[in-house]
1. Restricting the search to the range B:305-324, which residues are in contact with a helix residue (DSSP H, G or I) (Cβ under 9 Å, 6 or more places away or on another chain) and free of Cβ contacts under 8 Å to residues at least 24 places away in the same chain?
2. Testing A:LEU296 on (1) hydrophobic (A, V, I, L, M, F, W, C); (2) in contact with a Lys or Arg (Cβ under 9 Å, 6 or more places away or on another chain); (3) away from chain B (no Cβ under 11 Å), one condition comes back false. Which one is that?
3. Please enumerate the residues belonging to the range A:178-224 that are in a loop (DSSP other than H, G, I, E, B), more than 9 Å from every other protein chain (Cβ to nearest Cβ) and of a type in the set (Ser, Thr, Tyr).
4. Working only within the range A:225-254, note down all residues that are facing chain B (nearest Cβ under 8 Å) and among the small types (Gly, Ala, Ser).
5. What about B:ALA706, is it within 25 Å of B:GLY241 (Cβ to Cβ), away from chain A (no Cβ under 12 Å) and at pLDDT 95 or above?
6. Please verify whether the range B:481-500 includes one or more residues that are assigned by TED's automatic domain parsing to the domain that holds B:ALA404 and in contact with a strand residue (DSSP E or B) (Cβ under 7 Å, 6 or more places away or on another chain).
7. Name the single residue that is nearest to A:GLY75 (Cα to Cα) among those in the range B:252-268 being surrounded by 23 or more Cβ atoms within 10 Å (Cβ to Cβ) and in contact with an Asp or Glu (Cβ under 6 Å, 6 or more places away or on another chain).
8. Tell me, please, whether a residue that is at pLDDT 95 or above, more than 12 Å from chain A (Cβ to nearest Cβ), more than 23 Å from A:ILE164 (Cα to Cα) and surrounded by 21 or more Cβ atoms within 10 Å (Cβ to Cβ) can be found in the range B:337-347.
Amino acid sequence: MHDFASPTCRRSRLVPNRRQWLARAGAGFGTVALADLLSAKSTSTVADESTSPFAVRRPHFSARARAIIWLFMEGAPSAVDTFDPKPELTRRDGQTMKIDVFNGNPGPLMKSPFAFRQYGESGTWVCDQYPHVARHVDQFAFIKSLYSESNDHVPALYQINTGISRPGFPSAGAWITYGLGSENQNLPGFVVLGNNQGIKGGPLNWNSGFLPTAYQGTLFRSEGTPILNLKRPADVRREDQRRQLDLLAAWNAAHRAARPGESELQGRIEAFELAYRMQSEAAAVIDYSQESAETLQLYGLDRAETRSYGSKCLLARRLVERGVRFIQVYSDGEWDAHSNLTGNHKQHCLATDVPIHGLLTDLKQRGLLDSTLVIWGGEFGRMPVSQGKDGRDHNPHGFIAWMAGAGVRGGASLGETDEVGYRATVDRTSVHDLHATMLHLMGLDHTRLTYAHNGRNFRLTDVAGNVLWPLLG
Amino acid sequence: MNWPAREISSLIVGLLLGSAAAASAAEPLPGSVPPVDFRREVLPILQLHCAECHAFGNQEGGFRISSRAELLAGGDEGPAVVPGDSQSSRIIRLVAGQDGDLRMPPNGPRLSLEEVGALRAWIDQGCVWPAGVELSDPRREASRGHWAFQPLARPPVPDVRTAGWCRTPIDRFLIERLEAAGLEPAAEQPARMAMRRLHFGLLGLPPDPAEIDAYCAAAAESPGHAWEELVDRLLESPSFGERWGRHWLDIAHYADSDGMESDRDRRFAFPYRDFAIRSFNSDLPYDRFVRWQLAGDEYAPENAMAIAATGFLAAGPHEVLEPRLLEEERLRNRYNELDDILSTIGTGLLGLTIGCARCHDHKYDALSSRDYYSLMCAFHSGDRAEVPLGEEDEKALVFRDGGAEPAPTWLFRRADFYDRTQPVELGFPRLLLRGRSTHDYQAAARSNGSPPVASTLQRRALAEWISDADHGAGALLARVIVNRLWQHHFGEPLVASVGDFGVRALPPTHPQLLEWLADELVRSQWSLKHLHRLLVLSAAYRQSLGTAQGRDTDPENRFVGRVRPRRLEAEALRDSLLTVSGTLNRQMYGPAFKPPIASDAMLARNLKDAYPTNIVESAALRRRSVYMFHKRVVPYPLLQAFDKPDAQQSCGRRDRSTVAPQALTMLNDAFVRTVADDFATRLQVECSGETAEIVPRAFRLALGRAPDETEFASSLAFLRVQARERQQGEGTVDARAAERLAIVDFCQTLFASNEFLYID
């Protein structure tokens, strides 16, 4: 189970007590929400906060980050076409190379269709499709030598999300929420910003696995009804529901009083009040009316091609501001360029370039980047050889990600793939290493964050994982 | 050590200096060093530092150390030991850390200088390994005395002081512990509540108020007799199999689709689900129930139920990877699926966590890698298949062997499925074999009236072994299922880790009781209904919530001196909503129904069979939840919110979370609101619209009791105020509609109440 009593934990973070988080949760959401909070507090006995699955828990050691935003590029972007140009690949364009690929029939080596240029003091190469992202490269720490197990999307998605390529294991977001709780009890601690098409492999990507189900990710929408069942039935008004809840509270209080020692009953009483509050708070999170026109423009909400991802990036910032721990922002559609790599990657770069620039800029100017870890990457990479005329097949043997923000050493780069970008050769980095590093920045020792299940103490990093120290500042 | 200190220090000096000169200086003159005692000085070193990776089925680097011959044979890198010449023996350089980066053992404590010295001297003296001296298998040692791996015993039923309280032998085991702890059992639960709890426990449904009344009347006449009659009646109800079949489907991780990326619908998974329900209803002996699930096709190829039973092996997630795709990926997928089968059998049937052994041996795990791959042989010749079942176009998703010839199988070191150097044959773990061998079971599988089938009969051999309580794994099989039944009836299992009975599991809270129950199950020809009767006829089962003293002394209720409120499982919650609203469709068996799911809740891309978006509520969709189509990557939100497992892995114990999304579901979910509306309709019809009658009737239907005065008053006040307020402000409705909506709101509030969800 938990191992939070760390002998090395000298500078424990301030753990807000229940009253503090109630006040924090209420702040800025108008008097209605606050009044609800106070009335909830006065009408029910406050349970021991440790009974809440989301109660804030101490990290193992001083944390660099209090939140993670994972810009998830589903479908697998190509490293050699984005941030890791390979002159040798250009030179050997059209030559054959013996490579086994997922879909069979590999073509010859294919150079990148994009032009590259160096940016920043770090001289980082970036393709010409990412001009806005390129402005931030001095804050990035690259991992250019990631590898994973499976050549197939869903096992690879499961692996990068849970550490294991088989379905049913807890995701990184679930582990972190389990380890640290959440700073906002009125919102889920682990939020997934998906897309209209859905994600391959579905909710198992943000599963809680054998961890308590409370830690699973909650899909949040930036428009309409942000969370499932957040909207009241058409024939129930807010005040109608309030009277239902008052009657319910009266019944439940009497029921509870006759069953002392059953804290679960109290937990459920509070869950109803929390649900009532969530209806206003979650709706408030997606209300962008208080954001300035400049901000909306910064994220690209003024343009059709960037509106969707920009809106999610803005929502991610608003969730971080409210104390949400872990936010995954899925790309719209897949970088899965089996054909027409040029068109596919152009489109996805365009859709995410300004929004990511907006997010990094906004986080920085609000002082949030110091405490927020931002990650960019997909579930694997793409082959240096062509598929069909102009595509690239899946490549789990070498792929790329970057981190920015809290605790990250800007301008750093770890590892290399071979000269054509096929296989990670220098400082090979596993998904477990990435996870270990994420946990480390959140103040968690990946070897000590364990959960007993089926006769074993399980970890996010299984029996592996090394913190990527060269990338940390 | 009994060496002269001088000799040791000269050896140490030699090692520390590491130079030829120093080593030769340390070289013992014949006769100057007493002969090394292998058993006392060397064997413990091999045992402690080397055996985990180089013995008992493990041979890292191709090197084994179980005998002198193995030691001298060396490994992949060549010889490691040169008798008479420690200087040239690589093993010494490795354990002394003189061989570059490589050091042995790679992890864990290193050899002390004294140990290195002893090993050296032993080699120099010619590696004398006396006959009859053997390494002991740490796995075997750790497990030899472990309670779960022993043959079944029949513990005597204890004599106790409070014998008058006891109704079944179970009570005597419990009261003995209670007495010892200075505790008393809680008073008997009032008839009305006990009846309701039993009804939920056995059928997963609330009783009708008339049934409760009838029972209370009978119990007033003859309490003991009435309870027995009730137990018998409920055990004979077809709803019993639906309830306990659902419990079993968690173990089988049954679903109606493949999961993974494609999540193809399994149109013919349901015959397995129906097999489970029918088996519990007909009290199919548990040993046969298990045997059929492993090898029904090899036992009774003409029996549709036996065929469908092997759906157990086909129930897990599955991805179809076309032959054109990368071979490595297809193999990974295949062995992941076989691992899923083995893990399900391990934790689900035997309480053994065998998944770890796929990659490596661990000295505390009951099974080694060799055990794992020897078991895998049973399934390596087979795969999923849709086969005709009975008549017409009925089919079933089952497991089938490809032919009579077993497929070759290897021990894949570190799970590397291209490592095909160590062939293995079907074999059962030695820990769970007493006086019979794998070959005996294989012979039995072949000879014992076996019908001619194009099948290897390896699964049948496995099934024989797993259900053999005298010589095989049957004792463990019985203990595990008994624990599960106890868990469902009493809330907490006797062995907390229901899927892990291994050496690191917590011992049972009541070891003798568990043992007695397991033995009783086997003696009753594996009749689960017999066991159910025993459990629910006990005085312990009929206890009340108890007193403050009992709660304070034993807050977790480890001593079972009372009962605790039990939350309904997701399916029982939905089934109760349907029952109370008067709209439950009792149609049993057959293809699963798909309820409407909000498009907001469909979160997966690229499904081969997308979940329909145009489903309209209807009576056909008001069947019990066990018949609901479980689409793996499109879970039904209401059930998922209340912790229905995701069917990715075998689940023996559901989570019981208490979170806001559950409350949002009860407040805002369209289905909940709809059944509240149906409940209101039912009340209005049954009570002719009289509000004063509606309130008590609603309480009796939803909670099995009449409201007390306060509840009656608050309910009436609510209905009045709600009806009035709904005619005020925005979105008002007329008086008649307002009155109706007030009743719907009231019904929904009852559904949301803690008393509806938690059964005393």
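The values are calculated or read from the model by the stated rules, or taken from the named source; none is laboratory data. Just so we're clear, the structure is a prediction, and the values are computed from it rather than from any experiment. Glycine gets a Cβ as well: all are built from the backbone with ideal geometry, and neighbour counts include every protein chain shown.
1. B:ALA306, B:LEU321, B:GLU322, B:PRO323
2. Of the numbered conditions (1) hydrophobic (A, V, I, L, M, F, W, C); (2) in contact with a Lys or Arg (Cβ under 9 Å, 6 or more places away or on another chain); (3) away from chain B (no Cβ under 11 Å), the odd one out for A:LEU296 is (2).
3. Once the filter is applied, which keeps residues that are in a loop (DSSP other than H, G, I, E, B), more than 9 Å from every other protein chain (Cβ to nearest Cβ) and of a type in the set (Ser, Thr, Tyr), the range A:178-224 yields A:SER182, A:SER222.
4. Listed by number, the residues that qualify are A:ALA250, A:ALA254.
5. Working: within 25 Å of B:GLY241 (Cβ to Cβ): no; away from chain A (no Cβ under 12 Å): yes; at pLDDT 95 or above: yes.
Considered against the rule, which asks whether it is within 25 Å of B:GLY241 (Cβ to Cβ), away from chain A (no Cβ under 12 Å) and at pLDDT 95 or above, B:ALA706 comes out as no.
6. Just the residues of the range B:481-500 that are assigned by TED's automatic domain parsing to the domain that holds B:ALA404, to begin with: none.
Within the range B:481-500 (the criterion being assigned by TED's automatic domain parsing to the domain that holds B:ALA404 and in contact with a strand residue (DSSP E or B) (Cβ under 7 Å, 6 or more places away or on another chain)), the answer is no, since none of the residues qualifies.
7. B:MET260
8. No, that holds for no residue.
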